[in-house]
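The values are calculated or read from the model by the stated rules, or taken from the named source; none is laboratory data. Not measured: the values here are computed from a predicted model. Glycine gets a Cβ as well: all are built from the backbone with ideal geometry, and neighbour counts include every protein chain shown.
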Amino acid sequence: MNRRHFLKAAAATGSGLLILPSGSLFGQNAPSKKLNVALIGVWGRGLAHYEGLSKENVVALCDVNEERFPEALKKFPGAKTYVDWRKCLEQKDLEAVVICTTDHSHAHVAMWAMNRGLHVYCEKPIGMTVEECRVLRAAYLAKKNKIATQAGTQRHANPNFARVRELIKDGAVGELQGVFVWGNRQLRRPGYLPAEGAPPATFHYDQWIGPSPMHPYNPGYFSGGPGANCLQWNMYWDFGTGQVGDMGNHTMDLAWNAIDAGLPTSVEAKGDPFNPDVTPVELTAHFNHPANDWRPAIRVSWYQGGALPTPPKPWIDLNKIGHGAMFKGAKGVLVADFNTRMLIPAADTSDLTYYKTRKPDEVTPPMGNFQEEWFKACKGNLKTSCNFDYNGLMTEQMALGLVAYRAGKKLEYDGKAGRVTNSPEANAYLKREYRAGWPLNG
Ligand SMILES: NC(=O)c1ccc[n+]([C@@H]2O[C@H](COP(=O)([O-])OP(=O)(O)OC[C@H]3O[C@@H](n4cnc5c(N)ncnc54)[C@H](O)[C@@H]3O)[C@@H](O)[C@H]2O)c1
């Protein structure tokens, strides 16, 4: 279609918007249009978004640490700066936000942004509690025809994720029987840091604390390198969920992508003795999931901080796979890390004749750049791989592991109602209290 014919055809539709047979889109949301984005949390993990964001229009930068602005402004000179994300979200020309702040502010910023009709990319974990995950997921589902969301589990774009899913769904291990996911990061802390010094005038500590209860300032919370500073605060109950929300969110994603699960019907967990300040380093949580249309009911287990599942063979040292997933089936076992997979048929009878490999044209196409998928979704079909529905369910499951750990007994869970049915006291652990002036749904 040449330009003259195109314009004629466009006029005939009377809409100024035309979808060509190739699928190209012209009009307000054309892919060529740049998105007006706010980056909230501009250093650390925020830096990993600079390259992708530089192809868009970064109109706002927000950070509680004013020292971070000069560097960010070099990259995004046109942006306005804020220390309070609530003020930032009021900027009128915003269309989308990228959230790279602490875990204890994710759900708030994401919720307030969705309430303002903004597309949201939020670093993992999107929420710390069952309630936060459910509120975010419900808000996203109510608006999914208008906004695109993506949880920051960028390893999802590794081709291995799709290969693992294909092997499991196509029956390479036979009928699926159980799923085991683990991570060996161990960050031990005795308790919150004691008061030490005062925050510099350029660091807005009260704003950093945000919705969480106040704790005295200590520079130790801010002593980590870029993108790893989260390891200075994410193990404290009021600032994070430890490895459950840290590597757990990435690694469970490897399994979640392959099992088409919803919410578990029961959960049990055990780990380190309870510390009111610090989340457990060692933790094992088991989640029972009902059958779906292609597999039976399965138990999904999460192991962290030294706990590990039993290896399929004594000569396989799962501890050497820092973060991995294992799928046990009637005919064999699949062991995977983020980039590799290994199929172990169960016995001589598991000759793989029951399993048909895919033809080249049946293989899932590469998803491409993870952050880019979200940018494209914001401007087009709103479809992302790790939206707040998919990731919200997974993060809610993981948060339930901590609830069962605190309750100290097996919990029956009504996923529809979001309630524990056999332990009224455990329902108190589904949510956390916020400081006055910091509502989740603002
Ligand atoms: N996807 C990944 O692979 C990956 C890797 C590292 C970190 N992360 C996630 O990214 C997030 C940030 O981690 P980090 O190590 O960069 O932490 P960080 O402590 O370095 O914080 C990042 C930036 O956000 C700013 N900030 C913190 N709270 C803020 C608030 N309320 N408002 C505005 N700015 C705020 C900080 O001053 C800093 O500049 C965490 O949630 C972490 O889980 C994800």
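Looking only at segment 119-132, how many residues end up being away from the ligand (no atom under 15 Å from the Cβ), assigned to a helix (DSSP H, G or I) and buried (at least 24 other Cβ atoms within 10 Å of the Cβ)?
So the answer is 1.
Which of the residues belonging to segment 248-260 are within 14 Å of the ligand (Cβ to nearest atom) and touching a Lys or Arg at 6+ places or on another chain (Cβ under 6 Å)?
Matches in segment 248-260: N249, H250.
Quick check on my filter: what residues within segment 375-413 are in a loop (DSSP other than H, G, I, E, B), surrounded by 21 or more Cβ atoms within 10 Å (Cβ to Cβ) and touching an Asp or Glu at 6+ places or on another chain (Cβ under 6 Å)?
T384 - this is the single residue of segment 375-413 that is in a loop (DSSP other than H, G, I, E, B), surrounded by 21 or more Cβ atoms within 10 Å (Cβ to Cβ) and touching an Asp or Glu at 6+ places or on another chain (Cβ under 6 Å).
May I ask you to list pairs of residues, at least six apart or on different chains, whose Cβ atoms are under 8 Å apart, with the first in segment 33-51 being buried (at least 22 other Cβ atoms within 10 Å of the Cβ) and the second being part of a loop (DSSP other than H, G, I, E, B) and of a type in the set (S, T, N, Q)?
As it stands, the answer is A38/Q91; I40/T101; G41/T101; G41/T102, since those pairs meet every condition given.
Tally up the residues in segment 188-201 that are farther than 12 Å from F222 by Cβ and touching a strand residue (DSSP E or B) at 6+ places or on another chain (Cβ under 9 Å), please.
5
Given the conditions (1) of a type outside the set (S, T, N, Q); (2) over 14 Å from the mean Cα position of the chain (by Cα); (3) in the same structural domain as K34 (by TED's automatic domain parsing), and given that C122 satisfies all but one, which numbered condition is not satisfied?
It fails just one condition, (2).
How about segment 222-333: which strands (runs of 3 or more DSSP E) wholly inside it have at least 2 residues that are of a type in the set (S, T, N, Q)?
In segment 222-333, the matching strands (runs of 3 or more DSSP E) lie at 283-289, 298-304.
Can you say whether K92 is assigned to a loop (DSSP other than H, G, I, E, B), within 21 Å of K376 (Cβ to Cβ) and modelled with pLDDT of 95 or more, as far as the supplied structure shows?
no
Where residues in segment 253-295 are surrounded by fewer than 20 Cβ atoms within 10 Å (Cβ to Cβ) and polar (S, T, N, Q), which of them is nearest to N160 (Cα to Cα)?
N292
Cβ-Cβ below 8 Å, separation at least six or inter-chain, first residue in segment 174-197 and under 30 Å from A291 (Cβ atoms), second among the polar types (S, T, N, Q) and part of a loop (DSSP other than H, G, I, E, B): which pairs?
If the second residue must be among the polar types (S, T, N, Q) and part of a loop (DSSP other than H, G, I, E, B), the pairs left are G174/S350.
Is it the case that some residue within segment 13-34 is modelled with pLDDT of 95 or more, more than 25 Å from D103 (Cα to Cα) and not polar (S, T, N, Q)?
Yes.
So that you can scan it fast, the table gives a plain yes or no per residue for (1) over 30 Å from P211 (Cβ atoms); (2) at pLDDT below 95; (3) more than 16 Å from the ligand (Cβ to nearest atom):
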{"site": "R134", "(1), (2), (3)": "no, no, yes"}
{"site": "Y140", "(1), (2), (3)": "no, no, yes"}
{"site": "R155", "(1), (2), (3)": "no, no, no"}
{"site": "F180", "(1), (2), (3)": "yes, no, yes"}
{"site": "R189", "(1), (2), (3)": "no, no, no"}
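Quick test for you: out of A347, A307, A285, pick the one residue that is out of contact with any Gly (no Cβ under 7 Å at 6 or more places or on another chain) and closer than 24 Å to E396 by Cα.
Result of the check over A347, A307, A285: A307.
G245 - would you say it is of a type outside the set (D, E, K, R), out of contact with any Phe, Trp or Tyr (no Cβ under 9 Å at 6 or more places or on another chain) and within 9 Å of the ligand (Cβ to nearest atom)?
Considered against the rule, which asks whether it is of a type outside the set (D, E, K, R), out of contact with any Phe, Trp or Tyr (no Cβ under 9 Å at 6 or more places or on another chain) and within 9 Å of the ligand (Cβ to nearest atom), G245 comes out as yes.
Do we have any residue at all in segment 353-374 that's more than 20 Å from C133 (Cα to Cα), assigned to a loop (DSSP other than H, G, I, E, B) and aromatic (F, W, Y)?
Checking segment 353-374: at least one residue is more than 20 Å from C133 (Cα to Cα), assigned to a loop (DSSP other than H, G, I, E, B) and aromatic (F, W, Y).
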